[in-house]
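Please read the structure below before turning to the comments.
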Amino acid sequence: STYVQEVLKGHTPQQLSRYLFPKRVWLDEIAVAGGRRSESAQQSIELPGLKLVADPLNSEQMRRSFSRAYGRERQVTQLAQMLIRERANVLLVGEVGVGKTSILVDAVREVERESRAQAKEMPNQGANRISRFWTSSAARLIAGMKYLGQWEERCERVIEDLARIEGVIAFEDLLELVRTGGESSNTSIGSFLLPFIERGELRVVSETTPEGLDACRRLLPGFADAFRILQIPSFTQAEALATLQAYCAAIERNNPARIDNDARRLIYRLFQRFLP
């Protein structure tokens, strides 16, 4: 009883009602997975609620902003497996500047390459032209919302749009979800989304630092537990220099510029000094 009271303390009657078992249960719809929409059907899907507050992760802007996640091939493969096969909610945890967003964007590229390859093997099925992976932030979800219940209604529309395409939404910072939306963490965006995540109606990928993860667990117990955690360690000096070598080699393949070893070591020293 003590643990239950501690967890439910501060909940509104509406939030408490979600924990009550229904008096009766019936089934009036069965969702069958495995089928695919035709290309014309995919292209005709409108996503007004989602497009208002989120951008596709496979957009040209995202591709220009983030290069390959050099030196993070293992984490990219792990994340892609979690997204496409395990269908998990994933939380990337690492210090600032370790490349969490680059890993996410690269994993989405890998998932989409695999999806296109599968589509080619099924000539009777059109390729899905609509991105399944979108990125947003807590600030965008509540932007322009002045009155009680407005941002909650917007979130519900976003969830509905994502469900239509079996989509995944990525948030820039998990802690921001816990601190935004209400007067306390119990009335935040994170608290509102948690039941949808737990019921499998919403799939989320997010990022945070180790300190941010501790703050989330303190402010909204149980929220971080809804995610599979993928730790992103910081590079050692040898790993960072090897990554710089790979990145510079990619630049030199496509440009006449040449970057000598002294310049590469200088880049590493400057980042170590000024990035913190």
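The values are calculated or read from the model by the stated rules, or taken from the named source; none is laboratory data. None of these values were measured; they are calculated from a predicted model. Cβ coordinates were reconstructed from backbone atoms using ideal geometry, including for glycine residues, and neighbour counts include every protein chain displayed. Remember, those area values only see protein heavy atoms, side chains included, never the ligands or the DNA or RNA. Shrake-Rupley method; radii C 1.70, N 1.55, O 1.52, S 1.80 Å.
Can you tell me the alpha carbon radius of gyration of region 177-217 divided by the globular rule-of-thumb value 2.2 N^0.38 Å?
Compactness ratio reported: 1.19.
Relative to the first principal axis of the alpha-carbon coordinates of the chain, what is the inclination of helix 100-120, with its axis defined by its Cα atoms, in degrees from 0 to 90 and to the nearest 10?
Once rounded, one gets 80 degrees.
Provide Ile267, Ile165 ordered by accessible surface of protein heavy atoms (probe 1.4 Å), highest first.
The most accessible residue leads, giving Ile267, Ile165.
Can you tell which of Pro256, Pro233, Pro48 shows the greatest fluctuation in a Gaussian network model of the chain with Cα springs below 10 Å?
Pro256
Kindly sort Phe274, Phe196 by accessible area of their heavy atoms, largest first, with the probe set to 1.4 Å.
From most exposed to least exposed: Phe274, Phe196.
Just from its helices, what would the mean residue ellipticity at 222 nm be for the chain, if runs of 4 or more DSSP H residues each count -39500 (n - 2.57) and the sum is divided by every residue, rounded to the nearest 500 deg cm²/dmol?
When only DSSP H runs of four or more count, the value is -15000 deg cm²/dmol.
Could you give the size of the charge dipole of the chain about its Cα centre, using +1 on the Cβ of each K and R and -1 on the Cβ of each D and E, expressed in debye and rounded to the nearest 20?
Using Cβ point charges on Lys, Arg, Asp and Glu, the chain gives about 380 debye.
Within the accessible area of region 156-276, what % is carbon and sulfur when the probe is 1.4 Å and the other protein chains stay in place?
51
Under the classification rounded if a/c is under 1.5, otherwise prolate if a/b is larger than b/c and oblate if not, where does the chain fall, given a ≥ b ≥ c as square roots of the Cα gyration tensor eigenvalues?
Since a/c reaches 1.5 but b/c is at least a/b, the shape of the chain is classed as oblate.
Heavy-atom accessible area per residue, the chain, 1.4 Å probe: how many Å²?
For the chain, the per-residue accessible area is 62 Å².
For Tyr247, Tyr3, Tyr19, write out the residues from largest to smallest accessible area, computed with a 1.4 angstrom probe and no ligands counted.
Output order, biggest surface exposure first: Tyr3, Tyr19, Tyr247.
So what J values fall out for region 251-256 if you push phi through Karplus, 6.51 cos²θ - 1.76 cosθ + 1.60 with θ = phi - 60°, rounded to Hz, Gly and Pro as x?
Per-residue couplings from phi come out as 5, 5, 5, 10, 9, x Hz.
Any chance you could run the full-extension gain for His11 through Gln118? It's 0.36 nm times the residue separation minus the Cα-Cα distance, nm to one decimal.
Using 0.36 nm per residue and subtracting the Cα-Cα distance, I get 34.0 nm.
Around Ile232, which amide H atoms from residues at least 5 apart in sequence, or from another chain, sit under 5 Å from its own amide H, with H modelled in the peptide plane?
Excluding prolines and chain starts, which carry no amide H, the hits are Val93, Gly94.
In terms of modelled amide H atoms, which long-range or inter-chain residues lie less than 5 Å from the amide H of Val168?
HN-HN under 5 Å from Val168: Phe133, Trp134.
Relative to the present Cα-Cα distance, how much length would full extension add between Leu27 and Asp262 at 0.36 nm per residue of separation?
77.8 nm
How far apart, in nm, are the 7 Å Cα→Cβ label points at Ile229 and Thr2?
About 2.5 nm separates the two model spin labels.
Across all directions of projection, what mean area in square nanometres is found for the Cα convex hull of region 181-276?
For the Cα atoms of region 181-276, the hull's average projected area reads 9.6 nm².
With each label point set 7 Å from Cα along the Cα-Cβ vector, what nm distance links Arg269 and Arg199?
5.9
Quick one: length gained pulling Arg253 to Ala163 fully straight, 0.36 nm per residue minus the C-alpha distance?
Once the chain is fully extended between Arg253 and Ala163, it gains 28.2 nm.
Please give the helix 210-219 orientation as an angle from the longest Cα principal axis of the chain, in degrees from 0 to 90, rounded to the nearest 10.
10
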